[in-house]
Amino acid sequence: MPNTINITKPTVIIVFGGNGDLTKRKIIPALYNLFLENRLPEKFAIIGTSRTEFKDQKYRDLLLDGINEFSRTGKAKKEDWAKFSEKITYQASNIKDVGSYNEFADKISDYKKEWKEDISTLYYCAVSPDLFCTIAENVSKSKLENNRETTRMIIEKPFGRDLESAKTLNAKLLTIFDEKQIYRIDHYLGKEVVQNVMAFRFANTIMEPLWNRTHIEHVQISVTEKIGVEDRGSYFDNAGILRDMIQNHLLQLLCIIAMEPPINFDADLVRDRKVEVLKAIRKIVPGSVDSMAVRGQYGSGWVEGKEVPAYRDELDVKPDSNTETYAAMKFYVDNWRWQGIPFYLRTGKRLFKSDSHIIIQFKEVPHNMFQNQERNIPKANRLIISIQPDMAIKFQLESKTPGLEMTLNTVDMVFDYSGKTKGDSPEAYETLLLDVISGDQTLFMRADQVEAAWEVVMPILDYWENNKNADFPNYPANSWGPENADALIAKDGFHWINLPDKK
Ligand code: BG6
């Protein structure tokens, strides 16, 4: 997240998985929008690669379709696309064969000759995780450069499927690259409102005295999705929502809310503070999993007038699958700031609404001086951080209703992004790719951060894998999830807050 961005170093990015969904939906539209905003170095080239043979022109046409469908700025203008697409070439390759990498090296050396300058090389692993190591090894065995300052490896999630595999993967990658060359993506960290939480917390003096156990009653972090597993059944059935969403996105949101202020924006100092949060999360012991965590799997139902199948009837999902598509859990962060304050996390597929938000629920006033007035019980303050689809930070405060009586009413102090059109805010991948190009790791997961996050979820993961759930499916599509998720929070006297919520 550099403050001023003026990247002049020539850069070549090789996208493994160049014909994949992520490349078409996210990576290329993000690079294209950076290009439109003049954020890319003048000397810049993209080499897409996958097994399939394509002529450059055919490949560019495919990517253009992706931009036209998915870019936040809408369809590409002919003249802009013409300039951008000149930078794209394609090379079919066998990821497992070192010979293919030598061909990349030849291409890169041509760019060097043409540009007469040193370049940065980025390897983007937008492929299945079992190929991350193969790519790293072949980069090191081939003629491709591995310069500690200018070579970077971008790794998509999932990073491992448990603590042990994440450790193995880290160890392997770190025999080939330095930590500062590895950019492990968690795209939630690139979202505009998520980044704003740092500014909101640490650039406003009024927040710090309130941001602790004295004033906050509990925190809710909620990422609900209306979609099912779509065509990702085979990946998802081996993963489950705990691995897919909680281990990474939701725990990272928790870290941003709970972390101590870093001394400055140095990537390692920021990540140190996040790792401290993960390490402070109270370990869930096997005997307590059922009281701290709830899982669900969707059944069939109706969404917008269309019947949708149960999870077990989705493509590439086992008919007796025990994989969870919903998870809700409670964590405690055992430190001075947060002792005793519950953090509730929930996420799921095929829910009633797609909505990602964080609620900071403050405590009630210690004494109600309005109690002689009817309907005058002040509501506790609430800070609502809406990440998507709405982007806003909203403070709910109590206020006097205008009129002759002293009547209280809840009002919103709102900072929203609605003055800007949605298309004005950069997509997470734009922020993240610009950071990789400029060499800023603040928003990327460090090895110890990934491992600490796995440590948090491992007891739940193990317990769920070893103890099948007999009730699946336990929530219908288009609902708010299983009833026992409501019970999880209700037993502490709270309820899940679904926005908009009039309180
Ligand atoms: C991905 C998960 O990391 O995040 C998906 O693998 C999920 O299952 C997606 O749908 C949600 O991201 P976003 O940005 O659409 O909220």
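The values are calculated or read from the model by the stated rules, or taken from the named source; none is laboratory data. Everything numeric in this text was worked out from a predicted model, so none of it was measured. Glycine gets a Cβ as well: all are built from the backbone with ideal geometry, and neighbour counts include every protein chain shown. Accessible surface areas use protein heavy atoms only, side chains included; no ligands, DNA or RNA. Shrake-Rupley method; radii C 1.70, N 1.55, O 1.52, S 1.80 Å.
The table for this structure:
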{"read-out": "Alpha-carbon centroids, region 264-314 and region 441-489: separation in whole Å", "value": "4 Å"}
{"read-out": "Paramagnetic reach from K283 in region 132-165 [backbone N under 19 Å; point 7 Å along Cα→Cβ]", "value": "162-165"}
{"read-out": "Calculated [θ] (222 nm, deg cm²/dmol) that DSSP helices of n ≥ 4 give over the chain, each run adding -39,500 (n - 2.57)", "value": "-9500 deg cm²/dmol"}
{"read-out": "Modelled FRET efficiency - R0 35 Å, I263 with W302, Cβ distances, 0.05 increments", "value": "0.10"}
{"read-out": "The chain, relative contact order in percent, only Cα pairs under 8 angstrom and at least six apart counted", "value": "18 percent"}
{"read-out": "Aspartates and glutamates whose Cα lies under 14 Å from that of K400, excluding same-chain neighbours fewer than 8 positions away", "value": "E374, D412"}
{"read-out": "Förster-model FRET efficiency, 35 Å R0, E276 and K116, C-beta, rounded to 0.05", "value": "0.15"}
{"read-out": "For the chain: accessible area per residue (Å², 1.4 Å)", "value": "45 Å²"}
{"read-out": "By average C-beta atoms within 10 angstrom, highest first, the peptides 279-291, 125-137, 93-105, 319-331", "value": "319-331, 125-137, 93-105, 279-291"}
{"read-out": "Per-residue ³J(HN,Hα) for region 139-155, Karplus 6.51 cos²θ - 1.76 cosθ + 1.60, θ = phi - 60°, Hz, x for Gly and Pro", "value": "4, 6, 7, 8, 7, 5, 6, 10, 9, 4, 8, 10, 9, 10, 10, 9, 10"}
{"read-out": "Residue list for region 169-210, given a label point 7 angstrom along the Cα-to-Cβ vector of S140 and an amide N cut-off under 16 Å", "value": "169-183"}
{"read-out": "Candidate aspartates and glutamates for bridging to K141, where Cα separation is under 15 Å - those fewer than 8 sequence places away on the same chain excluded", "value": "D97, E103, D106"}
{"read-out": "Distance between modelled label sites at N469 and D130, nm, 7 Å Cα→Cβ extension", "value": "2.7 nm"}
{"read-out": "Label-to-label distance, nm, for residues given as N102 and L210 (7 Å Cα→Cβ offset)", "value": "6.4 nm"}
{"read-out": "On Cα atoms only, tilt of 192-202 relative to the major axis of the chain in degrees", "value": "60 degrees"}
{"read-out": "Share antiparallel - DSSP beta bridges, the chain, percent rounded to 5", "value": "55 percent"}
{"read-out": "Cα→Cβ-extended label distance, 7 Å offset, between E483 and T8, nm", "value": "6.8 nm"}
{"read-out": "Cα-based helix-to-principal-axis angle, 56-70 vs the chain, degrees rounded to 10", "value": "10 degrees"}
{"read-out": "Potential extension, K491-N376 segment - 0.36 nm per residue separation minus Cα distance", "value": "38.8 nm"}
{"read-out": "Paramagnetic label zone (point 7 Å from Cα along Cα-to-C-beta, W336; backbone N under 18 Å) in region 234-278", "value": "258-263, 273-274, 276-278"}
{"read-out": "Calculated FRET value between T89 and M369, using beta carbons and R₀ = 56 Å, to 0.05", "value": "0.20"}
{"read-out": "Extended-chain gain in nm, criterion 0.36 nm per residue less alpha-carbon gap, M406 and R201", "value": "70.5 nm"}
{"read-out": "Helix 98-115 vs. the chain, principal-axis angle (Cα, 0 to 90°, nearest 10)", "value": "80 degrees"}
{"read-out": "Stretchable slack from Y235 to F395, in nm (0.36 nm times residue separation minus alpha-carbon distance)", "value": "53.7 nm"}
{"read-out": "Surface share of carbon and sulfur [accessible, 1.4 angstrom probe, percent] for the chain", "value": "51 percent"}
{"read-out": "5 angstrom amide H check on E260, placed H, neighbours 5+ away", "value": "none"}
{"read-out": "Relative contact order [Cα under 8 Å, 6+ residues apart], region 390-503, whole percent", "value": "12 percent"}
{"read-out": "Partners for K191 among aspartates and glutamates (Cα-Cα distance below 14 Å; same-chain residues under 8 apart left out)", "value": "D355, D390, D424, E427, E430, D435"}
{"read-out": "Alpha-carbon centroid distance for the pair region 94-114 / region 201-246, whole angstrom", "value": "41 Å"}
{"read-out": "Mean-position separation - Cα centroids, region 143-159 and region 30-60, in angstrom", "value": "18 Å"}
